[in-house]
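> Once you've had a glance at the structure underneath, I'll fire off some questions.
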Amino acid sequence: MSLPGNQEKDRADANIVHLELWDEGDLALLKKLMGDPAMTEHLGGPENDEQLAERHARYLRLVDKGRDRMFKIVHTATGEAVGSIGYWERSWHDQQVYEMGWSVLPACQGKGIASLAAAQIVARLRSVGVHRFVHAFPSVDNPPSNALCRKLGFTLLGACKFEYPKGHFMQCNDWRFELSIDAKEQ
């Protein structure tokens, strides 16, 4: 992800955003991310207030559940939450893997924020060393998210039918990143 000679700039860029665990005060951010038609164009459409409250509660419970995590992406200089990113365990093709997903507010898109946050998640998952792979499943019609996967070095395995949200099937690309060949498989 970094070019030789740009280490100082890479370190500065990495500090543009940081991740904080999802907390009680993040429902307003969730409404901006998942309650907005433009933000959910590639995710099956906006969620209503009841669905958003359920999702918020689910995000808060992730820490108690095990290894799954949801974070808000925070712009370090301003302290503002500008998006969300998370990972969770799932079974995919008879293998335990991590899945990750992200969302960045429109005013902050196109500035590399999602890439920086996703790189932090990949580094975190590498250090955990539990599963060999992390997958991302952006819609085939979502060029920015597919470009992010390519930029971070994910391998495109092909298109697949994917259920998200529950009860809604969409055509997605299956992107896979190898975290470690020594990871414990469960």
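> When residues of region 109-123 are filtered for being closer than 20 Å to L21 by Cβ and either in contact (Cβ under 8 Å) with a residue 24 or more places away in the chain or hydroxyl-bearing (S, T, Y) (or both), how many remain? Full working, then the answer.
So in region 109-123, the residues closer than 20 Å to L21 by Cβ come out as 113-114, 116-123.
Subset that is either in contact (Cβ under 8 Å) with a residue 24 or more places away in the chain or hydroxyl-bearing (S, T, Y) (or both): 113-114, 116-122.
Total meeting the criteria: 9.
> So if I check each of S103, S115, S127, S145, which one is more than 14 Å from the chain's Cα centre (by Cα) and among the hydroxyl-bearing types (S, T, Y)?
On the way: S103 fails: more than 14 Å from the chain's Cα centre (by Cα); S115 fails: more than 14 Å from the chain's Cα centre (by Cα); S145 fails: more than 14 Å from the chain's Cα centre (by Cα).
After applying the criteria, what remains is S127.
> Considering each of H135, H168 in turn, give the residue that is at pLDDT below 95 and under 24 Å from L33 (Cβ atoms).
Details: H135 fails: at pLDDT below 95.
The conditions single out H168.
> In addition: For M39, indicate whether it is buried (at least 16 other Cβ atoms within 10 Å of the Cβ), assigned to a loop (DSSP other than H, G, I, E, B) and either in contact with a strand residue (DSSP E or B) (Cβ under 7 Å, 6 or more places away or on another chain) or hydroxyl-bearing (S, T, Y) (or both). Outline the logic, then answer.
Details: buried (at least 16 other Cβ atoms within 10 Å of the Cβ): yes; assigned to a loop (DSSP other than H, G, I, E, B): yes; either in contact with a strand residue (DSSP E or B) (Cβ under 7 Å, 6 or more places away or on another chain) or hydroxyl-bearing (S, T, Y) (or both): yes.
For M39, the condition - buried (at least 16 other Cβ atoms within 10 Å of the Cβ), assigned to a loop (DSSP other than H, G, I, E, B) and either in contact with a strand residue (DSSP E or B) (Cβ under 7 Å, 6 or more places away or on another chain) or hydroxyl-bearing (S, T, Y) (or both) - is met.
> Checking A81 against (1) over 17 Å from the mean Cα position of the chain (by Cα); (2) within 19 Å of Q109 (Cα to Cα): exactly one of these is not met. Which one?
The number of the failed condition is (1).
> Could we say that D49 is at pLDDT 95 or above and surrounded by 17 or more Cβ atoms within 10 Å (Cβ to Cβ) here? Talk me through it step by step, then tell me what you get.
Values: at pLDDT 95 or above: yes; surrounded by 17 or more Cβ atoms within 10 Å (Cβ to Cβ): no.
Taking the combined requirement at face value, the residue does not satisfy it.
> Can you run down the residue pairs with Cβ atoms below 8 Å, 6 or more apart or on separate chains, where the first is in region 50-66 and closer than 16 Å to G101 by Cα and the partner is small (G, A, S)?
Y59/G86; L62/G86
> Could you list, in sequence order, the residues of region 98-112 that are over 16 Å from L29 (Cα atoms) and out of contact with any Phe, Trp or Tyr (no Cβ under 7 Å at 6 or more places or on another chain)?
First, pick out the residues of region 98-112 that are over 16 Å from L29 (Cα atoms): 98-100, 110-112.
Hits for region 98-112 are G110, K111, G112.
> Six or more apart or on different chains, Cβ under 8 Å: which pairs go from a residue in region 93-106 that's touching a residue at least 40 places away in the same chain (Cβ under 8 Å) and farther than 14 Å from G83 by Cα to one that's surrounded by fewer than 18 Cβ atoms within 10 Å (Cβ to Cβ) and of a type in the set (F, W, Y)? Could you list them?
Y98/W88
> In addition: Find all pairs meeting these conditions: Cβ atoms under 8 angstrom apart; at least six residues apart or on different chains; first residue within region 137-159 and within 14 Å of L116 (Cβ to Cβ); second residue among the aromatic types (F, W, Y).
L148/W102; L152/F177
> I would also like to ask the following. Hey, which of the strands (runs of 3 or more DSSP E) in region 97-186, taking only ones fully inside, have at least 2 residues that are in contact with a Gly (Cβ under 9 Å, 6 or more places away or on another chain) and not hydroxyl-bearing (S, T, Y)? Give the derivation first.
On the way: elements: 133-136, 155-163, 169-178.
Answer list for region 97-186: 169-178.
> Yes or no: region 64-71 includes at least one residue that is modelled with pLDDT of 95 or more, more than 26 Å from F154 (Cβ to Cβ) and outside any helix (DSSP H, G or I).
The answer is no; no qualifying residue exists.
The values are calculated or read from the model by the stated rules, or taken from the named source; none is laboratory data. Everything quoted here is computed from the prediction, not taken from an experiment. Counting neighbours? That spans all protein chains shown, and the Cβs are built from the backbone with ideal geometry, glycine included.
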